[in-house]
Protein chains: 2
Amino acid sequence: MPDSAPATIEDVARIAEVSIATVSRAIHTPDKVAKSTRQRVNQAIAITGYTTNAMARSLRMGRSNMILILAPDIGDPNFSSTLIGLENEARAHGFGVLIGHTQNDPERGLEYLKFLSSGQATGLVLFTGHEPFGHQVVGQRLPPSVAVFEPVFGSKISYVGVDDVAGARKAAEHLLAAGHRSIAFIGDSKTRLGHQRRRQGFDIALDAARIPPQQRFVLEGEGTIESGRLAVEQLFMRDTLPTAFMCVNDATAVGVLNGLNARGYDLPHDFSVIGFDDVPQATYVNPALTTIRQPRTAIGRQAMSLLIKSLSDRPTERQEILLMPDLIVRGSVTAPVRR
Amino acid sequence: MPDSAPATIEDVARIAEVSIATVSRAIHTPDKVAKSTRQRVNQAIAITGYTTNAMARSLRMGRSNMILILAPDIGDPNFSSTLIGLENEARAHGFGVLIGHTQNDPERGLEYLKFLSSGQATGLVLFTGHEPFGHQVVGQRLPPSVAVFEPVFGSKISYVGVDDVAGARKAAEHLLAAGHRSIAFIGDSKTRLGHQRRRQGFDIALDAARIPPQQRFVLEGEGTIESGRLAVEQLFMRDTLPTAFMCVNDATAVGVLNGLNARGYDLPHDFSVIGFDDVPQATYVNPALTTIRQPRTAIGRQAMSLLIKSLSDRPTERQEILLMPDLIVRGSVTAPVRR
DNA sequence: TTGTAGGCGTTATCAA
DNA sequence: TTGATAACGCCTACAA
């Protein structure tokens, strides 16, 4: 039964009848203390319910064993399963993780930066392609960091993510194999690297199949449901229509599905749609979405592993680890209807 | 341009040509230092880029200004918007928040408990109805805490959430008003208080409408999509069927919708379905789900406000704050078809 | 194998 | 109005 104030190392020392130095050693370098002493110390720890005060420890050591994960949007369906990979790996190495939610607000980012610079976390995982703390600060004196899901634009921060080009290529090839020759790519972007890479995979596949550029419809989009809906509207103002939609991500695909449904089409008969990410929602939409699955947990695991390595080693150079995604076939792709 | 090591209060003192005590005062009690001195200090702070080391500060003060939010499942669609309410309110009072993800794993809970007991956080927000850290520890020496979304069973921890009874009643009354007389309640539970309260609201409404118990179908369910699907299957093994489904939450409702769709029914013509929560997904499902909206951000805000109050005041007694939810009408409820 | 003592960066007390 | 100084709890040379 612990008393009112948390036990300190001194309480333990008193009960075990040793010095605080010995207690500390018994905890961190057990070999360096005699067996009998060690036992007495352990008993005393059990009695007092002692837990080392992490703040005092980190203050003294100049570093904590916490890793901060910064996410602009906790609700992102990609986030939670990646997080599990990050957490499991961290734990296996004796690190704890804390999550910071920036809401895409630079001021909030700055607050977490303070958290970092006061040594409360040793490492940083970035869950966003944007610079986390406004421009001036970035890279200035960040702790060892790694980015997931979207590389940090123009920085030296290592990156672990999906192989966008290969994944997009798989998606496009699936459409091609189903017989489609007139395909739209929804979600091109001038600023987002991940989008560009997926576009690139799309082009590679269509080039290989000798689909002429006239039969490709490329529309911009920021990767939201709304942007998918919008793209459908834009497309329907043209003379010719594609038979299939390849979407930069599942959110866009959901928007496209919505837009098509709203126009009264019978899916997947009239149009095929394929997404990218495989978010949980992809299952519940109608028809269930054929898509490319991000290996989220694996991404998290590898990212954390890389980060922890860079914590102990000499500063290493930037690395980029790309994981191969799989095609998940559900109901949203069929052979094209002749029009 | 900060140099390699973070500036300390001493660096500032040296540059401002004052003592560290004065620097500290200039920061925390500006009135107690001469205007000219204050200015010099501020300049020095600007030059050095000084940030007070939170760990040293907390060590000295015996408490930090961080609040830990513990969630069993970060992916819970109710989580992210509640979080925003929590964060905003915390920030307005000068507190920072950190999120801990327990994955429903007691060991992980224990780790965060250590985090707490080593003083790295001053307050605790619980996002779960289960005891967070296994039985033995709970309530033993938790910092001031508040629970959100589901009261902590059998504890003295204050609670902020939705008025389940009133909300469920609204839902049932909406079904009743549409003409339904034979209604199923999906998601009853022997252990989950929130489910029980919703069931209670359902009964109140049906009692008031003098619907005899024989016309009520009550099925258990844990509130998952799967449990909704399952309930449909169970129901279809009986002789008589309800005309409407009132689901304990949206996830269940999605499952019910899926199950009904899979059996080839035309919704909402053949059956009406209503949910509870209004998660983002409710919009994308087909037909769009009529449901009861949790005032999530408000819940977060109030919970944090309560917590912060209990941080400064003398220990107050347990409070329970219930917020009133609204009915959101979309497409999944219509008049019953005569069979 | 063990103990003593200094210092990590702060804040707060007490004098000046 | 300011400055010296003692903690906060811990780790780690350095001595014994």
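In segment A:59-70, the residue that is farthest from the chain's Cα centre (by Cα) out of those that are more than 9 Å from DNA strand C (Cβ to nearest atom) and modelled with pLDDT under 90 is A:63.
Residue count for segment B:7-45 under the criterion of being under 19 Å from residue A:118 (Cβ atoms), surrounded by fewer than 17 Cβ atoms within 10 Å (Cβ to Cβ) and either of a type in the set (Val, Ile, Thr) or within 14 Å of chain A (Cβ to nearest Cβ) (or both): the result is 1. Counting only strands (runs of 3 or more DSSP E) that fall entirely inside segment B:158-249 and contain at least 1 residues that are over 23 Å from the mean Cα position of the chain (by Cα) and basic (Lys, Arg), the qualifying elements are B:216-220. Put simply, of B:237, B:304 the only residue that is within 14 Å of another protein chain (Cβ to nearest Cβ) and more than 19 Å from residue B:202 (Cβ to Cβ) is B:304. Residue count for segment B:55-76, restricted to those that are touching a helix residue (DSSP H, G or I) at 6+ places or on another chain (Cβ under 7 Å) and over 17 Å from residue B:147 (Cα atoms): 6.
Of all residues in segment B:101-114, those satisfying the criterion of being facing chain A (nearest Cβ under 7 Å) and either surrounded by 22 or more Cβ atoms within 10 Å (Cβ to Cβ) or of a type in the set (Lys, Arg) (or both) are B:101, B:114.
If you go through segment B:186-220 and keep only what is crowded, with 20+ Cβ neighbours inside 10 Å and at positive phi, you end up with just B:187.
Screening residue A:290 on (1) within 19 Å of the chain's Cα centre (by Cα); (2) farther than 30 Å from residue A:93 by Cα shows it passes everything except condition (1). Selection of first residues in segment A:109-129 that are outside any helix (DSSP H, G or I) and of second residues that are surrounded by fewer than 24 Cβ atoms within 10 Å (Cβ to Cβ) and acidic (Asp, Glu), restricted to Cβ pairs under 8 Å at least 6 apart or on distinct chains, gives the following pairs, ordered by first then second residue: A:127/A:76; A:128/A:150; A:129/A:150. Looking at segment B:253-274, which of its residues are within 13 Å of another protein chain (Cβ to nearest Cβ) and either assigned to a helix (DSSP H, G or I) or closer than 19 Å to residue B:189 by Cβ (or both)? Listed by number, the residues that qualify are B:253, B:254, B:255, B:256, B:257, B:258, B:259, B:260, B:261, B:262.
The helices (runs of 4 or more DSSP H) found wholly in segment A:8-87 and carrying at least 3 residues that are farther than 30 Å from residue A:100 by Cβ and more than 16 Å from DNA strand D (Cβ to nearest atom) occupy A:35-48. The conditions of being more than 27 Å from residue A:282 (Cα to Cα), away from DNA strand C (no atom under 16 Å from the Cβ), more than 36 Å from the chain's Cα centre (by Cα) and surrounded by 15 or more Cβ atoms within 10 Å (Cβ to Cβ) are not met by residue A:96. Note on segment B:1-58: residues that are touching a residue at least 60 places away in the same chain (Cβ under 8 Å) and more than 10 Å from DNA strand C (Cβ to nearest atom) amount to 0.
Scanning segment B:279-305 for residues that are modelled with pLDDT under 95, among the aliphatic types (A, V, I, L, M) and crowded, with 20+ Cβ neighbours inside 10 Å yields a total of 3.
Quick grid of which residues meet (1) under 30 Å from residue A:9 (Cα atoms); (2) facing chain B (nearest Cβ under 9 Å); (3) of a type in the set (Lys, Arg); (4) crowded, with 20+ Cβ neighbours inside 10 Å:
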| site | (1), (2), (3), (4) |
| --- | --- |
| A:63 | yes, no, yes, no |
| A:76 | no, yes, no, no |
| A:79 | no, yes, no, yes |
| A:86 | no, no, no, yes |
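Criterion first (closer than 27 Å to residue A:330 by Cβ, modelled with pLDDT of 90 or more and either touching a Gly at 6+ places or on another chain (Cβ under 7 Å) or surrounded by 23 or more Cβ atoms within 10 Å (Cβ to Cβ) (or both)) does residue A:148 satisfy it? Taking the combined requirement at face value, the residue satisfies it.
The values are calculated or read from the model by the stated rules, or taken from the named source; none is laboratory data. Nothing here was measured: the structure is a model prediction, and the numbers come from that model. Quick reminder, even Gly has a Cβ in these numbers, built from the backbone with ideal geometry, and neighbours come from all protein chains shown.
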